[in-house]
Each structure stands twice: as structure tokens, then as C-alpha cells.
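Here the structure comes first, spelled out in C-alpha cells, and everything after it is commentary.
The values are calculated or read from the model by the stated rules, or taken from the named source; none is laboratory data. This one's a predicted model, so the numbers in the text were calculated from it and none came from an experiment. Ideal geometry is used to build each Cβ from the backbone, glycine not excepted, and the neighbour counts take in all protein chains shown. Protein only, heavy atoms only, side chains kept; ligands, DNA and RNA dropped before computing areas. Shrake-Rupley method; radii C 1.70, N 1.55, O 1.52, S 1.80 Å.
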Amino acid sequence: MNNIIFFGPPGAGKGTQAKIISQYLNVSHLSTGDILRKKLLDKDELADELKLIMSSGNLVSDDILNAIVSTRLKTEKNNGFILDGYPRTIKQSEYLDNFLSQTSNSINYIFNIQINFETLKQRILKRSSEEFREDDKVDILETRYNEYLNSTEKVSNFYKDNHSSIFHEIDGSQQIQEITQQIKQILKKS
């Protein structure tokens, strides 16, 4: 069984790699964005609260995100999973570690896809001209990148310092296929 976390700034390709590797390993790809969008379809109190938060443009709190992700992890804990976009804060990482410990589970691999901002900017501008995505604007990317540096990168560094044997740095400036091959080679070694 493989339990994997993907880290990296917005636009680094972690979602792309998570999808490819989830198919390769036949495990669930748990994207925080996908989980939240799916949860919005539920008819319960949490979904109603989530709609209010997201429609106002605010970030979902750690407590709500932890509750939603742990519910999904309970259904996937025996099959393996890939986390993409979670944990993003130290509080979320502490919750995840406690949850995994309580369910006698652990993370087997952590992949940190690194890319510098200039390369990222060029990639996003190219994607914007090809796919006409609304969120592919330099100022939005810069805001999201700074948010990543101020919160998620600290979480990534925490895992790097405390789980170095399963933590793998990946050069995100490579082509998609090259990154995939590098990740597959690491998975095959273990």
C-alpha cells in the first residue's frame, strides 16, 4: 500500500503528477480542491457552511478541511492514497499525523516538486494563452505563490526535516514525462 503527499507551488505540476501516479499505482488521488467541490454537493450542515465560506472568497478553515479530508481518508485507508493540496498548514500536518497514527497508517513517500518563480510564470502564461484559464494571471499567480511560501513551504520543510528518509525533491522545470519517470524510479526502488 502506498500513501503519498505531493508538495509544490501552484503551477508546479503536482496535480498532474498526482493523477498520473494514482493511475500507475491504482490508488485514490485526493485533491483538496476536488474534495471541497464534491462536498458542496452534499446536503448537510458542513456543506452549507462551506458554501458560505467559499462564496465569500474566504479560505476554508483548518478544522473544516481536516474533517472533510479525514472522512475521505477513512474510506481510502486500506487502499492507499495520494494527497494533493493537503496539508497546507502546520496545524493540518499535525492533524494528519495524529489521524494516521490513530488509524495505524503512515505516509510512505513525500514528493516536493520545486520550481523557481520565473519558470513558473512562463509556464502559466503559456497555459493561459492555450487554455484561456481565468486564474492564470501573473498577479494571481504571484499572490498564490507568496501564500505557498508563507504557509505550505513551511509544512514541506517540516516534513523534510522530520521525515527525510521518505522525502524526495523533484526538479519541476523538467518535462512532465521526465518528472513522472523520476517519481516512478523512486517508487520502484522501495
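Listed by first and then second residue, the pairs linking a residue in the stretch 92-108 that is surrounded by 16 or more Cβ atoms within 10 Å (Cβ to Cβ) to a residue that is acidic (Asp, Glu) and in a helix (DSSP H, G or I), with Cβ atoms under 8 Å apart and 6 or more places separating them unless they lie on different chains, are Gln92/Asp62; Tyr95/Asp62. Just one of the listed residues (Asp63, Asp34) is in a helix (DSSP H, G or I) and surrounded by 13 or more Cβ atoms within 10 Å (Cβ to Cβ), and it is Asp34.
Restricting the first member to the stretch 26-38 and to residues that are modelled with pLDDT of 85 or more and among the polar types (S, T, N, Q), and the second to residues that are surrounded by fewer than 19 Cβ atoms within 10 Å (Cβ to Cβ) and assigned to a helix (DSSP H, G or I), the beta-carbon pairs closer than 6 Å and six or more apart or on different chains are Ser28/Glu76. Would you confirm, using the coordinates I've provided, whether His163 is in contact with a strand residue (DSSP E or B) (Cβ under 7 Å, 6 or more places away or on another chain), at pLDDT 90 or above, over 14 Å from Lys14 (Cα atoms) and open to solvent by less than 90 Å² (accessible area, probe 1.4 Å)? So His163 passes the test.
Residue-wise test of (1) open to solvent by 20 Å² or more (accessible area, probe 1.4 Å); (2) among the aliphatic types (A, V, I, L, M); (3) touching an Asp or Glu at 6+ places or on another chain (Cβ under 9 Å); (4) within 29 Å of Gln175 (Cα to Cα).
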| position | (1), (2), (3), (4) |
| --- | --- |
| Gln17 | no, no, yes, yes |
| Gln23 | yes, no, no, yes |
| Lys43 | yes, no, no, no |
| Ala47 | no, yes, no, no |
| Lys77 | yes, no, no, no |
| Gly80 | no, no, no, yes |
| Tyr86 | no, no, no, yes |
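It is to be established whether one or more residues within the stretch 179-186 are loosely packed, with under 15 Cβ neighbours inside 10 Å, in contact with a Phe, Trp or Tyr (Cβ under 8 Å, 6 or more places away or on another chain), touching a residue at least 24 places away in the same chain (Cβ under 8 Å) and farther than 18 Å from Leu83 by Cβ. Checked the stretch 179-186: at least one residue is loosely packed, with under 15 Cβ neighbours inside 10 Å, in contact with a Phe, Trp or Tyr (Cβ under 8 Å, 6 or more places away or on another chain), touching a residue at least 24 places away in the same chain (Cβ under 8 Å) and farther than 18 Å from Leu83 by Cβ.
Of the helices (runs of 4 or more DSSP H) lying entirely inside the stretch 90-190, those containing at least 1 residues that are among the β-branched types (Val, Ile, Thr) and more than 16 Å from the chain's Cα centre (by Cα) span 117-131, 138-147, 176-189.
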